[in-house]
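Colleague: Quick one: this structure, given as structure tokens, is what I'll be asking you about.
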Amino acid sequence: MDWAVVSTGLKDVAADWLIVGVPEGPFPGAVALLDQALEGTLTRLREQDDLTGKLNELTALRDVSGLAAKRLLLVGLGNLEVLSEPSWLRTVQTAARSITGKAVGQVALALPSGTRLATDRLAQQALTALEIAGRGQDLYRADRKRYPIGKAILVAPAEFSVEEPEAGAERGQVLGEAVNLARELVNTPADLIYPETFANRAAELAEKYGLICEVLDEQRLVAERMGSLLAVAKGSDRPARVVHLDYNGAPPGAPVLALVGKGVTFDSGGLSIKPNDGMLTMKCDMAGAATVLAAITAIARLKLPVHVKGFLGLVENMTGGSAMKLGDVLFSRSGTTIEVLNTDAEGRLVLCDVLDYALSQGSDYLVDLATLTGACVVALGEEVTGAMSNDQAWCDAVLSAAKACGEDTWQLPMFDHYAKLIDSDVADIKNVGGRWGGAITAAKFLERFVKGRPWVHLDIAGPAFASSDKPHRDGGATGCMVRSLVELARNFSHRSG
Ligand code: BES
Ligand code: MN
Ligand code: ZN
């Protein structure tokens, strides 16, 4: 998407659509001027109760005389004094999404004044929103449901220079493209994106954005003794891959932030096969890996002064003749032995070896992302990420990054007694902890492999993939937590000296 920042009166901006935020209460200066140019149309709408300014209220006007733009879309901003960055992002997504059902050329958007947000932040969120609102899951529909916006024109309030919004817009576009990348990868069917093709895509993106990328093929995975990850892959004709990405924008000796993603390109459940309804959306089971890949490309494009590594554990969980069986004992890379009591609890079997590998590559602070458990969705609902950690300070850093981005994340406890639930009579641990506390017993399993290093596990089984549309986003992959990871990396630079 092309974009530009201008600083002109709203009535003079030529575009196919002009989107203007209208708060509750008196019209701010630029909106009042627009109202004048439209001979009091906005005042009349307000008097008729058709323009209340309530958050996310949409009013579309076509063929408005006195306006250079062809169409006007008014969107409610609520109370300007409490407008937050996440709600501005969501509001712009909602407004833009209501006009991207048709191909649209130029969309102008007024950056509001009178909020407590800086113009560069408003511009950043606006560009992210406009990028996201132009893409959907209709990747293979001849008759598209969603069209990308041709060009975005941000209209800065007269009292502001355009430089700050320009810097914000540039960042916002990178973030929006990263979210869309994660969405596109997750929305792509499992027959097109599987371990090899996913790894190729990672390598291409690494080349494009200047990251170091190493792809570990089966031979290397065997040499690395990743017996647990390889056991999951055995049931599939598609060989496993692990991808190691490295972006170093930090001074020498800076701590390494490692992002580890579950990349099960399809989860049939294996021999503990899922019923049809449970399997339907399981192309989404590589969302953790997609999130990590998208975030690290954004971090590199933004040239953040940090050292970040990304590790993607890519396998397909299938039921082939060589599939792992119930009762099998796996020899993980760390030496810990694992009794398999449910082949559908495969994500932890993949992540444990990738986490151990990440530690061997000099990772100091770890975050893993995984569509790991249905239990997390039961606990927190479909829109909230579960966080589990062995280090409260590090967990707080992750939670506050997520909060700043408006990505709802909630911590679950990690009391010692949960660990007993994965004791095995046969091996060191078993891969399921029984019916209760399933999100936590999965995290307890992973904790065994991080050697006490600060680590946060993010279970995105709920928010990664949406079953239906919402006013602010299309159904399908959401790209959740991409922005939060970039924010975390931005804050992490304070540790880099
Ligand atoms: N990929 C699933 C978890 C999942 C469920 C993701 C719903 C997204 C939406 C995971 O591999 C899985 O099957 N987990 C099992 C674990 C159980 C066997 C201990 C689950 O949640 O049922
Ligand atoms: Mn599974
Ligand atoms: Zn899974």
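The values are calculated or read from the model by the stated rules, or taken from the named source; none is laboratory data. Quick caveat: nothing in here was measured; it's all calculated off a predicted structure. So basically every Cβ, Gly included, is an ideal-geometry build from the backbone, and we count neighbours across all protein chains shown. Surface accessibility is based on the protein's heavy atoms, side chains included, excluding ligands, DNA and RNA. Shrake-Rupley method; radii C 1.70, N 1.55, O 1.52, S 1.80 Å.
Colleague: Restricting to DSSP H runs of at least four residues, report the calculated mean residue ellipticity at 222 nm for the chain, -39500 (n - 2.57) per run over all residues, nearest 500 deg cm²/dmol.
Modeller: -10500 deg cm²/dmol
Colleague: Which order do you get for 445, 266, 415 if you rank them by accessible area with a 1.4 Å probe, largest at the top?
Modeller: 415, 266, 445
Colleague: Could you pull out every residue, at least 5 positions away or on a different chain, whose amide H is within less than 5 Å of the one on residue 149? Hs are placed 1.01 Å off N in the peptide plane, and Pro or chain starts have none.
Modeller: 134
Colleague: Going down the list 54/151; 234/283; 325/451; 234/274; 234/430, which pairs span over 23 Å between their C-alpha atoms?
Modeller: Beyond 23 Å between Cα atoms: 54/151; 325/451.
Colleague: So how long is each side of the stretch 177-229 along the principal axes, counting just the alpha-carbon atoms, biggest first, in Å?
Modeller: 36, 28, 15
Colleague: For residue 457, list long-range residues whose amide hydrogen, built 1.01 Å from N in the peptide plane, is under 5 Å from its own amide hydrogen.
Modeller: Under 5 Å from the amide H of residue 457: 368, 388, 389.
Colleague: Let me ask another. Once phi is turned into θ = phi - 60°, what whole-Hz ³J(HN,Hα) does the Karplus curve with 6.51, -1.76 and 1.60 give for every residue of the stretch 129-136, x standing for Gly and Pro?
Modeller: Ordered by residue, 3J(HN,Hα) equals 4, 5, 5, 5, 5, x, 10, x Hz.
Colleague: ³J(HN,Hα) across the stretch 255-271 via Karplus (A = 6.51, B = -1.76, C = 1.60, θ = phi - 60°), whole Hz, x for Gly/Pro?
Modeller: x, 9, 8, 10, 10, 10, x, 6, x, 7, 5, 8, 10, 7, x, x, 4
Colleague: At a 1.4 Å probe, what is the % contribution of carbon and sulfur to the accessible area of the chain?
Modeller: Taking all protein chains in place, the chain shows 50 percent carbon and sulfur surface.
Colleague: Can you list the equivalent-ellipsoid semi-axes of the stretch 188-496, largest first and in whole Å, using the square root of 5 times each Cα gyration tensor eigenvalue?
Modeller: Its equivalent ellipsoid spans semi-axes of 26, 21, 21 Å.
Colleague: Check which residues have an amide H placed less than 5 Å from residue 316's amide H, if you skip close sequence neighbours.
Modeller: Long-range HN contacts for residue 316: 265.
Colleague: Based on the Cβ-Cβ distance from residue 68 to residue 400, what FRET efficiency comes out when R0 is 60 Å, to the nearest 0.05?
Modeller: After rounding to 0.05, the efficiency reads 0.90.
Colleague: While we're looking at this one, here's another question. Once phi is turned into ³J(HN,Hα) by the Karplus curve 6.51 cos²θ - 1.76 cosθ + 1.60 with θ = phi - 60°, what whole-Hz value does each residue of the stretch 173-184 show in order, with x for glycine and proline?
Modeller: Residue by residue, the stretch 173-184 yields 5, 4, 5, x, 5, 5, 4, 5, 4, 4, 4, 5 Hz.
Colleague: Follow-up question, since we're still on this one. Rounded to the nearest whole Å², what accessible area per residue is found for the chain with the 1.4 Å probe?
Modeller: That works out to 39 Å² for each residue.
Colleague: Using only protein heavy atoms and a 1.4 Å probe, report how much of residue 244 is accessible, in Å² to the nearest 10.
Modeller: Accessible area, nearest 10 Å²: 20 Å².
Colleague: Give me the percent of DSSP beta bridges within the chain that run antiparallel, rounded to the nearest 5.
Modeller: The answer is about 40 percent antiparallel.
Colleague: Continuing with the same structure: List the relative contact order of the chain as a percent without decimals, with contacts defined as Cα pairs under 8 Å and 6+ residues apart.
Modeller: 15
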